Each structure stands twice: as structure tokens, then as C-alpha cells.
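Written out below as C-alpha cells is the structure these notes cover.
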Amino acid sequence: MQISVTVNGRVYESDVEPRTLLIYYIREHLRLTGAHVGCDTTSCGACTVLLNGKAVKSCTVLAVQANGQEIMTVEGLERDGELHPLQKAFWEEHGLQCGYCTPGMIMTACELLERNPFPTEEEVRKGISGNVCRCTGYVNIIKAIQSAGHMIAQQDKEPKNQSEVVPSGN
Amino acid sequence: MIPNAFDYYSPTTVEETIGLLQKYGYEAKILAGGQSLLPMMKLRVAMPSVLVDINHIDDLHGWREENGYLRIGALTRHVDLENEQHLKESYPLLSKTAEWIADVPVRNRGTICGSLVHADPSSDWGAAMIALHADVEVIGPSGIRRVFIDDFFVDTFTASLEMDEIASAVLIPSPIGRVGARYMKLERKAGDFAIVGVALHVIKANDGTVLDSGIGLCACGDVPVRAKKAEEWLIGRPLDKETIKQASLLAQEDANPATDLRGSAEYKRDLVRVFVKRGLEEIADELR
């Protein structure tokens, strides 16, 4: 079946078998290997991507269901060579050890911060309950997500401050 | 894991969908959120040769209040019912149940009617819809029919749907009076199926007595179960300590859990008592 999917802002036209799962489409057809296959049974969240802005487990969505839709993977987060605040925060707070869960963890966190920019520890724990990390014990992941929330708020402030400084004719 | 090969259709109307079901019969499966069906297909527990994706049927999306009912379209996703501020006041059981279903990414995809049609005895929505005395709206070649939730669950993984019918909505009676609700669930790990789940819905009259009550039990039988004796006991009584205690004992009488890896039948039956008591106490406090 012919599908057209926008992934990280770029439109891909592909011919896929209807049974192709979104994660295999992303990894094997598009060669975007950021999202991982972990459990392959909707449990671990390593394959989490954003589908129209919502976190989904891409091992449990068909590629044909993404036809005409927008996907964002971890590769789509950085801007002009600059890491996304979540990526920076995971680095700075050491929110990973082996890194296998990280792309999924970050995409789930991305949607969480969109909904709730300053989540409490409990809100983060509930928010990432579908993403399993077997190395870290979650403590640094939670720190990283909360810290990223603040970084994003700071970033949002900066351009505003600049525009306030621009003289408006007087 | 890769599902078996199938032909994929994505109709845009209910009529077209029913036409496909008539044509392909039991070979066809409906794909809504896919959070139960796709895992089953990957494990080859389900191997439909035709998949009918109903996500592009506009009529099945969204919810509205009409004719004394809240009508929730089949494709309403768990996350919508979890976060919808407007529904929290009159239908608090919806968000209280939704937040216990699996995890955020699954709730972003899974749909309410998909869950009901799947007819898993440990379905959180099953217990909640029993507590809410809901009806399921079913559309087939001969038109629309409404099925009371207790009759909708025929057996484990078997809903009261003919081969060429689809569940198009769930209808919940709009409450008159003050409403309190709890969804109590114990799980082995976050996002798991329930060891036991208890959905409680109470409408209080102005005189402080219970006007109507609903108690649904999850993982307590072959289908989601109604704790009928406890429901009837509550009606007309004030939500005091003695009434609540008796209700919690009566609820156990309708529970028929099985011993399995999640716990013994005895343990689960006791959980029903504890959850009914704890939940009703919380509701009594809230509606005081």
C-alpha cells in the first residue's frame, strides 16, 4: 500500500505491506534508528514516538495508520545542531546508563512537558510509567525531565525578552 | 514480531464498514485503537485476513450529552476521558478509571468501545460501565440497537455483537443529584491488568440517602461483574459506617475471582471487600 508520512518535518512516500508495524517502517524503511525495539509487546516503551504530537508505542501501530499523519522521533528534536532541552538535561543529569530506553523516554517526556511544563516527581513517575528503564532506577531520569521543563521555560522567555528590548519607533 | 498478512481497508462511513463485515464475515476484524488487537495479531493469537480500520469514520469520534445520556463515540480514546474537564463533574468515574488503564502512550491510542468489544473480564472500562449502568449502541445492517452493558458481555472475550455489527457508542445515563465515584485497583506493577478492580458510582439524594448506586468488579468472573446485592442494599440508605460495612460484605457475594498468578481467589475476594469499603468511605466523606 502506498503511504505518505511526514517524519521529523520531511515527507516520505513509501510502499509498505499493511502488516508493517510503524517501528519497523521507521527503522528499516526510513533508516531512522533512534527509536528502539525493546519488548515488542507494548510494555517497555523503547519504541515510543510522537504521532500527531501524542506519544504512542510504535510497535503497536501499523505504518499504514500513519498515512497522512505526522511522526516525530528522537532524531527530530535537535534544531540547527543544538540539542533539545530534554536531550541536554538527560546528558547533564546523567539520565541514562545503557541508553536503550532513552529515545522512548525522551519522546514520552516531550509530550508530558507539552501538557505539564513543571511536573512534580509523582506526575513524572506516572507520566513515564509506560517506559521501562532497567539501569537507572529512574531517579536521574525524573531529575532530567524536571530540569528540561525549566530549560524550556527559560528558552521561551529569552526571545520574548529580546523582542521587548526592540524599540518600537520612539 | 510481525502479524500475519491481511488486506487493509479504511472506510469513511459506518455503512461501508458494515458492507465489508457482511462481505468478509468472521475473516474480518475491526481496528480501532489497536492496543489489544495488534498485540494479539503479533502473537498470532488473532489472525484476521481482513482488517477494517474505522479511525477515519468521523461519526464515531467525540462525545455529547443528549436525551438524558452522555453519548461517547466508539473512537473516543482513554486519554480524552481522562483529561476532559467538562466530564469530571457529572461523570467523575470516567477520569478516575481512565487514569488506571495501562500507561500514557496506550491511553493515547486505545478506545472505549474497542475495550468493551474486546470483553476482557479484567477490563477497567467493563467494570466502570457496569457501575454507570451504561448501554452500548450497536449498528448493523438492520439498523441501530441498544444493549444494556450486563447483556453486552456474553463470555470471556465475547461481546454481544453479530458478525456484521459494530459498537458505535456507549451511552451513560446523565445523573440527577450529587455524584461521587472511585475506581480502586490493585496491580502487580504500574500499568498492569488488575489483580482486582472495583468501580463505584453513587448518586446522593438531597436527604442524604443513596438515590442510585453502581458497583462493577473487574477480574472477578468470566466477564466484568455487577455487585448487585451491594448496589440494592445501598439504595435509600445513608452512607454511614454500618451501611458501608454491610455493602462491602455483600459485594463479595457477587465476586467470583479465580486463583491465578496474580493471587488466590480468597485474597481477591477480600480485596473486593476492602476496596468497596474504602471507596465508599471516601465517597461518603466527599459528599458529606
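Calculate one ³J(HN,Hα) per residue across region B:198-208 by plugging θ = phi - 60° into the Karplus curve 6.51 cos²θ - 1.76 cosθ + 1.60, and present them in order as whole Hz with x for glycine and proline.
3J(HN,Hα) across region B:198-208, in whole Hz: 10, 9, 10, 9, 10, 10, 9, 7, 4, 7, x.
For the charge dipole of region B:135-270, defined by +1 on Lys and Arg C-beta atoms and -1 on Asp and Glu C-beta atoms about the Cα centroid, which residue among B:Ala230, B:Ile244, B:Ile172 has the Cα displaced farthest towards the positive pole?
Ranked along the dipole, the leading option is B:Ile244.
Evaluate the distance, in nm, between pseudo-label points positioned 7 Å from the Cα of A:Glu122 and of A:Val139 along their respective Cα→Cβ axes.
2.1 nm
Once R0 is set to 22 Å, what does the formula 1/(1 + (r/R0)^6) return for the Cβ-Cβ distance between A:Asn52 and A:Arg79, expressed as a FRET efficiency to the nearest 0.05? Display every interim value, and only then the final one.
Values: r = 20 Å, r/R0 = 0.91.
Calculated value: 0.65.
Of B:Ser264, B:Ser142, B:Ser36, which is the most mobile in a GNM of chain B whose springs link Cα atoms less than 10 angstrom apart?
Its mean-square fluctuation being the largest, the pick is B:Ser142.
With no solvent and one equal point scatterer placed on each C-alpha of the protein assembly as shown, evaluate the Debye formula and give log10 I(q)/I(0) for q = 0.06, 0.10, 0.11 Å⁻¹, two decimals.
-0.29, -0.78, -0.93
In a GNM of chain B with a 10 Å cut-off on Cα contacts, which of B:Leu93, B:Leu38, B:Leu70 has the highest mean-square fluctuation?
B:Leu38
Using DSSP to define loop residues, name the GluC sites (Glu not before Pro) in region A:63-94 whose beta-carbon has at most 14 other beta-carbon atoms within 10 Å. Please list the in-between numbers first.
Values: sites: A:Glu70, A:Glu75, A:Glu78, A:Glu82, A:Glu92, A:Glu93; in loops: A:Glu78, A:Glu93.
Answer in residue order: A:Glu78.
Taking the radius of gyration and the Kirkwood hydrodynamic radius from Cα positions alone, what is the Rg/Rh ratio for region B:67-132, to two decimal places? Don't jump to the answer; show the numbers that get you there.
Working: Rg = 11.1 Å, Rh = 11.9 Å.
Rounded to two decimals, Rg over Rh is 0.93.
How large is the accessible surface of A:Glu111 in square angstrom, using a 1.4 angstrom probe and rounding to the nearest 10?
10 Å²
What spacing in nm lies between the two simple spin-label points modelled at B:Glu266 and B:Ala5, each 7 Å away from Cα in the Cβ direction?
Rounded to a tenth, the inter-label distance reads 5.5 nm.
Nearest 500 deg cm²/dmol is fine: what mean residue ellipticity at 222 nm does the protein assembly as shown get from its DSSP H runs of n ≥ 4 alone, each adding -39,500 (n - 2.57), divided by its residue count?
Numbers: 16 runs with 160 residues, N = 458.
Value at 222 nm, helices only, nearest 500: -10500 deg cm²/dmol.
Classify region B:1-88: rounded, prolate or oblate, from the alpha-carbon gyration tensor (a ≥ b ≥ c, eigenvalue square roots; a/c under 1.5 rounded; otherwise prolate if a/b is larger than b/c)?
On the way: a/c = 3.11, a/b = 1.62, b/c = 1.91.
Because a/c hits 1.5 or more and a/b fails to exceed b/c, region B:1-88 counts as oblate.
HN-Hα J couplings of region A:105-114 from phi, Karplus 6.51/-1.76/1.60, θ = phi - 60°, integer Hz, Gly and Pro as x?
Coupling constants for region A:105-114: 4, 5, 5, 5, 5, 4, 5, 4, 5, 5 Hz.
Which value in Å is the Kirkwood Rh of region A:54-140 over different Cα pairs?
Values: mean 1/r = 0.0712 Å⁻¹.
Kirkwood radius, region A:54-140: 14.0 Å.
List the lysines whose alpha-carbon lies under 27 Å from that of B:Lys23, not counting same-chain residues fewer than 8 positions away?
Correct list for B:Lys23: B:Lys42.
Using θ = phi - 60° and the Karplus form 6.51 cos²θ - 1.76 cosθ + 1.60, what ³J(HN,Hα) does each residue of region B:74-81 get, whole Hz, x for Gly and Pro?
3, 8, 5, 8, 3, 4, 5, 6
Loop sites only, by DSSP: take the trypsin sites (Lys or Arg not before Pro) in chain A that have at most 11 other C-beta atoms within 10 Å and name the longest stretch containing none of them. Each step should come with its number before you reach the end.
On the way: sites that count: A:Arg31, A:Arg134.
For trypsin sites (Lys or Arg not before Pro) (loop position, at most 11 other Cβ atoms within 10 Å), the longest site-free span of chain A is A:32-133.
Quick one: how many Å² of B:Met163 are accessible to a 1.4 Å probe, rounded to 10?
70 Å²
Counting only residues 5 or more places away or on other chains, whose amide H sits under 5 Å from the amide H of B:Trp63 once H atoms are built in the peptide plane?
Those qualifying (amide H under 5 Å, at least 5 residues apart or on another chain) are B:Gly73.
Mind listing which trypsin sites (Lys or Arg not before Pro) in region B:3-42 are in a DSSP loop and have 15 or fewer other Cβ atoms within 10 Å? Write down the numbers at each step before the final one.
Values: sites: B:Lys23, B:Lys29, B:Lys42; in loops: none.
Listed in order of number, the matching sites amount to none.
Considering only C-alpha atoms, what is the centroid distance from region B:135-193 to region A:35-88, in Å?
Taking the Cα centre of region A:35-88 as reference, the centre of region B:135-193 is 31 Å away.
Classify region B:7-54 as rounded, prolate or oblate from the Cα gyration tensor: take a ≥ b ≥ c as the square roots of its eigenvalues, call it rounded if a/c is under 1.5, otherwise prolate when a/b beats b/c and oblate if not.
Values: a/c = 2.78, a/b = 1.61, b/c = 1.73.
Oblate shape, in that a/c is at least 1.5 and b/c is the bigger or equal ratio.
Working with all protein chains in place, sort B:Arg44, B:Arg182 by solvent-accessible area computed with a 1.4 Å probe, largest first. Walk me through the numbers before you get to the answer.
Details: B:Arg44 100, B:Arg182 35 Å².
If we order B:Arg44, B:Arg182 from most to least accessible, we get B:Arg44, B:Arg182.
Report the label-to-label distance for B:Leu287 and A:Gln2 in nanometres (one decimal), using points 7 Å from each Cα along the Cα→Cβ vector.
5.9 nm
Which whole-number percentage describes the relative contact order of chain B, with Cα contacts under 8 Å and a sequence gap of 6 or more? Before the final figure, lay out each step's value.
Values: 659 pairs, mean separation 43.3, N = 288.
Taking the mean separation of contacting Cα pairs over the length of chain B, I get 15 percent.
Can you compute the FRET efficiency between B:Ala258 and B:Phe148 using 1/(1 + (r/R0)^6), with r the Cβ-Cβ distance and R0 = 22 Å? Round to the nearest 0.05. Working shown, then result.
On the way: r = 25 Å, r/R0 = 1.14.
It comes out at approximately 0.30.
With a ≥ b ≥ c the root eigenvalues of the C-alpha gyration tensor of region A:9-164, is it rounded (a/c under 1.5), prolate (a/b larger than b/c) or oblate? Mind dumping the intermediate values first?
Numbers: a/c = 2.06, a/b = 1.36, b/c = 1.52.
Cα axes put region A:9-164 in the oblate bin.
Given H placed on each backbone N at 1.01 Å, which residues far from B:Ala134 in sequence or on other chains put an amide H within less than 5 Å of it?
Close amide H contacts, sequence-distant or interchain: B:Ile149.
Which of the lysines could a cross-linker bridge to A:Lys157, judged by Cα under 26 Å and excluding same-chain residues fewer than eight apart?
A:Lys54, A:Lys88, A:Lys143
The values are calculated or read from the model by the stated rules, or taken from the named source; none is laboratory data. These numbers were taken from a predicted model, which means no experiment stands behind them. Here the Cβ is made from the backbone with ideal geometry for all residues, glycine too, and neighbour counts use every protein chain on show. Ligands, DNA and RNA are stripped out before the accessible areas are found, and what is left, the full protein with its side chains, is counted by its heavy atoms. Shrake-Rupley method; radii C 1.70, N 1.55, O 1.52, S 1.80 Å.
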